[in-house]
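These notes concern the structure reproduced below.
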Amino acid sequence: QNLTSQNANLNEEKEQQTTQLQNKAEQIANLQTQQTQLQTEHETRVQELNTQMDLIVEDLASIKECKCWIYTKPIRDLKKIFGE
């Protein structure tokens with residue numbers, strides 16, 4: 001009877017550990033899914049940031065060209081006057 005009691009206790013403990021392992025496996029799976037989602041989100045944000053940076057660089061280059069065009073206007077006008 002003592003062995004039967006010990007066997008029952010061991011079986012119960014085994015079931016508890018099995019349940020705990022299953023719960024931990026589910027937690028790991030959930031965390032892996034979250035990690036994948038976060039990595040995807042990170043990559044998307046990096047791409048968006050790179051796109052925004054490219055647009056800013058293009059805008060700055062355009063502004064620089066416009067300012068150069070404005071600053072050199074008097075010289076261009078003089079060239080028209082003197083026929084160069």
Self-check item: Residue among Leu38, Leu10, Leu3 that alone is exposed (fewer than 10 other Cβ atoms within 10 Å of the Cβ) and either in contact (Cβ under 8 Å) with a residue 60 or more places away in the chain or of a type outside the set (Ser, Thr, Tyr) (or both)
Solution: Leu3
Quiz item: Do we find a residue being at pLDDT below 95 and among the small types (Gly, Ala, Ser) anywhere in the range 18-40?
Solution: no
Quiz item: What number of residues within the range 41-84 are outside any helix (DSSP H, G or I) and loosely packed, with under 10 Cβ neighbours inside 10 Å?
Solution: 2
Quiz item: What are the residues in the range 20-60 that are within 10 Å of the chain's Cα centre (by Cα) and of a type in the set (A, V, I, L, M, F, W, C), if any?
Solution: Leu38, Val46, Leu49
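The values are calculated or read from the model by the stated rules, or taken from the named source; none is laboratory data. Because the structure is a prediction, the values reported are computed rather than measured. Note that we place each Cβ from the backbone using ideal geometry, even for glycine, and neighbour counts take in every protein chain shown.
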